[in-house]
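Asker: Pasting in a structure now, in structure tokens, and then I'll have a few things to ask.
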Amino acid sequence: MSAVLVDDHERVRTLTLNRPEALNAFNQELWQETAQAFRDAAADPAVAVVLLTGAGRAFSAGADLAEMSANVTGLGDVSNMGGFTTLMEALADFDKPLVLAINGVGVGIGTTIVGYGDLVFMSAEARLKTPFTSLGVAPEASSSYLLPKLVGWQNAAWILMSSEWITAQQALEMGLAWQVCEPDALLDTAWSYAARLAKQPVSSLRAVKQTMLAPIRHEIEAARHREGEWFAKLLGGPANREALAAFMERREPDFGNVDG
């Protein structure tokens, strides 16, 4: 079964992350398939807009921590980290409107991908979290640059530093989400707006997106590289190892004796 489901209707391509048994956590297969899905959509003249959502009860639980734990000693430089980097490049290059329908929990990349969305819809029951500090690592997906632009410095500092949940209503008030919908209405509502955009000429939609991104494209790329350097420095370090061990042992991490 494909890790990403693809459905086309009225020039809207719906991509559905399809690892519901793992809460759509990103393993190498899902990183690669999602990146390829974005590249295919960008290249297809019949696609005007992409709508991204998740199968089951989660949008995405972020990076697959079991996979991270198994590979933590051999990952090396995270700026060359295979599937993650491939997806970030595909998102940065994607020049058509991207609509997000966040149907459930969004953790890590399930939150930071909001920075690449043009319209973000959330289920009233959805929640977001960036657990970077609780994992002993650094931000990713240029979130250290994009989140302050979206929600302001203090909101971004809380989201990135606290590792605590943000409700859909808080996300709306901060500016992370454009609309909050009842769960049963989420996908239809998000798709209806995507379809309205898709009635416009793709050339004009691309022109709008590219001119909006042009002033910040360099900063987005620079932020990703800075984050990658910090991530590589911290990944496999004492705090990260304690966090991953706690995850595998189903306990709370204790950073008191490993902090540096």
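The values are calculated or read from the model by the stated rules, or taken from the named source; none is laboratory data. Computed from a prediction, not measured in an experiment: that's the story for all the values here. Note that we place each Cβ from the backbone using ideal geometry, even for glycine, and neighbour counts take in every protein chain shown.
Asker: Against the definition (among the polar types (S, T, N, Q) and modelled with pLDDT of 95 or more), how does residue 85 come out, yes or no?
Answerer: no
Asker: For residues that are over 27 Å from residue 162 (Cβ atoms) and among the charged types (D, E, K, R), scanning just the range 90-118, find the one that is surrounded by the most Cβ atoms within 10 Å (Cβ to Cβ).
Answerer: For the range 90-118, the residue satisfying everything is 96.
Asker: Under 6 Å by Cβ, and 6 or more places apart or on different chains, what pairs join a residue from the range 205-227 that is part of a helix (DSSP H, G or I) with one that is basic (Lys, Arg) and surrounded by fewer than 14 Cβ atoms within 10 Å (Cβ to Cβ)?
Answerer: As it stands, the answer is none, since no pair meets every condition given.
Asker: Return only the number of the condition from (1) closer than 24 Å to residue 144 by Cα; (2) in contact with a helix residue (DSSP H, G or I) (Cβ under 8 Å, 6 or more places away or on another chain) that residue 205 does not satisfy.
Answerer: Going through the list (1) closer than 24 Å to residue 144 by Cα; (2) in contact with a helix residue (DSSP H, G or I) (Cβ under 8 Å, 6 or more places away or on another chain), residue 205 breaks only (1).
Asker: Exactly one condition in (1) surrounded by 23 or more Cβ atoms within 10 Å (Cβ to Cβ); (2) part of a strand (DSSP E or B); (3) of a type in the set (A, V, I, L, M) is false for residue 37; which is it?
Answerer: Here residue 37 clears every test but (2).
Asker: Still on this model: Within the range 139-164, how many residues turn out to be more than 15 Å from the chain's Cα centre (by Cα) and not in a helix (DSSP H, G or I)?
Answerer: Here the count works out to 3.
Asker: Assuming residue 109 fulfils every condition listed in (1) at pLDDT 95 or above; (2) in contact with a Lys or Arg (Cβ under 9 Å, 6 or more places away or on another chain); (3) of a type in the set (Val, Ile, Thr) apart from one, which condition is it?
Answerer: Among (1) at pLDDT 95 or above; (2) in contact with a Lys or Arg (Cβ under 9 Å, 6 or more places away or on another chain); (3) of a type in the set (Val, Ile, Thr), the lone unmet condition for residue 109 is (2).
Asker: Going through the range 235-260 one residue at a time, which ones are within 15 Å of residue 65 (Cα to Cα), touching a Gly at 6+ places or on another chain (Cβ under 9 Å) and in a helix (DSSP H, G or I)?
Answerer: 239, 240, 241, 242, 243, 244
Asker: Here is a follow-up. Among the residues of the range 197-216, are any of a type in the set (Val, Ile, Thr) and exposed (fewer than 13 other Cβ atoms within 10 Å of the Cβ)?
Answerer: Yes, because at least one residue in the range 197-216 is of a type in the set (Val, Ile, Thr) and exposed (fewer than 13 other Cβ atoms within 10 Å of the Cβ).
Asker: Among the residues of the range 138-181, which ones are buried (at least 21 other Cβ atoms within 10 Å of the Cβ), on the phi > 0 side of the Ramachandran plot and hydroxyl-bearing (Ser, Thr, Tyr)?
Answerer: 142, the sole residue that qualifies.
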